[in-house]
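Working notes, beginning with the structure itself.
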Amino acid sequence: MADRIPTLGDLCSAIAEGQIAATIDGPMYQMSAFELRRYLNRFRSLPRISPALDQPTSSHPDSDSWSASGQISVA
């Protein structure tokens, strides 16, 4: 899904379609902040990560003695 700002209509439709768990309390709907955040995160695209091989090499004189390690995890 492309980056865009969801409207109030999008939110109401998601509640009506059951995409967001909500309870009715009189004239109001109640939902957890977690559920709302999970729904809104669908509208953001994930950042692109370029491979380390595409990065330029350092011209720092001590760069040969540096070591780097990293781990990427996706939840």
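Nothing in this text is a laboratory measurement; each read-out follows from the coordinates by a stated rule. Bear in mind the structure is a predicted one, so any value in this text is a computation, not a measurement. Cβ: placed from backbone, ideal geometry, glycine included. Neighbour counts: every protein chain shown.
Rounded to the nearest whole Å³, what is the per residue volume of the convex hull around the Cα atoms of the range 1-46? Provide the component values of the computation, followed by the final result.
Numbers: hull volume 3.3 nm³, N = 46.
Convex hull volume per residue, Cα atoms: 73 Å³.
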From fewest to most C-beta neighbours within 10 Å, the residues Leu8, Leu36 line up as Leu8, Leu36
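On full extension of the chain, what length is gained from Asp3 through Leu36, given 0.36 nm per residue of separation minus the C-alpha to C-alpha distance? Mind dumping the intermediate values first?
Details: separation 33, 0.36 × 33 = 11.88 nm, distance 1.69 nm.
Value of the extension gain: 10.2 nm.
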Given charges of +1 on the Cβ of Lys and Arg and -1 on the Cβ of Asp and Glu, with all other atoms neutral, how large is the dipole of the range 1-46 about its Cα centre, in debye to the nearest 20? 220
Among Ala14, Tyr29, Phe43, whose Cα lies farthest out toward the positive end of the dipole of the range 1-46, if unit charges sit on the beta carbon of Lys, Arg (+1) and Asp, Glu (-1)? Phe43
